[in-house]
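The values are calculated or read from the model by the stated rules, or taken from the named source; none is laboratory data. Everything quoted here is computed from the prediction, not taken from an experiment. Every residue, glycine as well, gets a Cβ built from its backbone with ideal geometry; the counts of neighbours run over all protein chains shown.
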Amino acid sequence: MVLHCNEAFVTLAAPQLEILVEFYTDLLGIQPLKLIPHRYAEFQLPSLKLGIFQPKSTQISEFNSLGKTGMSLCLEVPNLEAAIAHLDVLGYLPPGEIMTASHGREIYAYDPIGNRLILYEIRDNFSSQ
């Protein structure tokens, strides 16, 4: 048996929902497609839905992580330096340096509650390899 899936999306738990909604609105330059105040927001990206929800008070401990998780929100950008400058304007300058990976250049950044973002710029000749 296999799991047949019609759609997939990523959600982030945010005890203070409004902080993340404002951050992603400013970062992405778009308004949430769906917005239920104090409960849920959903952004439609080119190939992904990003949902942000506020856990019920009885569920908050389920989302308190004692360490970093392995999940990252990866965003391909056309100009890495411009993306870094935009994060700086928002007050979330990436703490590290630009790295070179097999696919191109990337940098790690973090949203207001510490979720890791990987902003990356594809190397021109990557698609031809």
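Cβ-Cβ under 7 Å, sequence separation 6+ or interchain: first residue in the stretch 96-108 and under 12 Å from Ile84 (Cβ atoms), partner acidic (Asp, Glu) and assigned to a strand (DSSP E or B). Which pairs?
Short answer, once both residue conditions are applied: Arg105/Glu121.
If you check every pair at least six apart or on different chains, which have Cβ atoms under 8 Å apart with a residue in the stretch 79-92 that is closer than 19 Å to Gly114 by Cα first and a residue that is among the aromatic types (Phe, Trp, Tyr) second?
So the pair list comes out as Leu90/Phe23; Tyr92/Phe23; Tyr92/Tyr110.
With the structure loaded, tell me whether Leu50 is modelled with pLDDT of 95 or more, closer than 21 Å to Leu17 by Cα and surrounded by 10 or more Cβ atoms within 10 Å (Cβ to Cβ) or whether it fails that test.
Taking the combined requirement at face value, the residue does not satisfy it.
Would you mind telling me which numbered condition in (1) outside any loop (DSSP other than H, G, I, E, B); (2) under 17 Å from the mean Cα position of the chain (by Cα); (3) small (Gly, Ala, Ser); (4) modelled with pLDDT under 95 Ala41 fails?
The single condition Ala41 does not satisfy is (4).
Hey, does the stretch 53-63 have a residue that's part of a loop (DSSP other than H, G, I, E, B), farther than 21 Å from Tyr108 by Cα and in contact with a Pro (Cβ under 8 Å, 6 or more places away or on another chain)?
Checked against the condition, which is being part of a loop (DSSP other than H, G, I, E, B), farther than 21 Å from Tyr108 by Cα and in contact with a Pro (Cβ under 8 Å, 6 or more places away or on another chain), the stretch 53-63 yields at least one hit.
Could you tell me how many of the residues in the stretch 64-107 are at pLDDT 95 or above, closer than 19 Å to Leu12 by Cβ and surrounded by fewer than 16 Cβ atoms within 10 Å (Cβ to Cβ)?
2
Pick from Ile30, Ile52, Ile36: which is farther than 19 Å from Asn115 by Cα and touching a strand residue (DSSP E or B) at 6+ places or on another chain (Cβ under 8 Å)?
Exactly one of Ile30, Ile52, Ile36 is farther than 19 Å from Asn115 by Cα and touching a strand residue (DSSP E or B) at 6+ places or on another chain (Cβ under 8 Å), namely Ile30.
Could you grab me the full set of residues in the stretch 1-28 that are assigned to a helix (DSSP H, G or I), in contact with a Pro (Cβ under 7 Å, 6 or more places away or on another chain) and touching a residue at least 40 places away in the same chain (Cβ under 8 Å)?
Ile19, Leu20, Phe23
Here is a list: Thr100, Thr58. Which entry is more than 21 Å from Ser47 (Cα to Cα) and assigned by TED's automatic domain parsing to the domain that holds Leu28?
Result: Thr58 is the single residue among Thr100, Thr58 that is more than 21 Å from Ser47 (Cα to Cα) and assigned by TED's automatic domain parsing to the domain that holds Leu28.
Kindly evaluate Ala85 against the criterion of being among the small types (Gly, Ala, Ser) and touching a strand residue (DSSP E or B) at 6+ places or on another chain (Cβ under 9 Å).
no
Mind checking which residues of the stretch 71-121 are within 20 Å of Gln16 (Cβ to Cβ) and in a loop (DSSP other than H, G, I, E, B)?
Selection gives Met71, Gly91, Tyr92, Asp111, Pro112, Ile113, Gly114, Asn115.
Within the stretch 1-57, how many residues turn out to be more than 22 Å from His86 (Cβ to Cβ) and of a type in the set (Asp, Glu)?
Residues in the stretch 1-57 being more than 22 Å from His86 (Cβ to Cβ) and of a type in the set (Asp, Glu): 1 in total.
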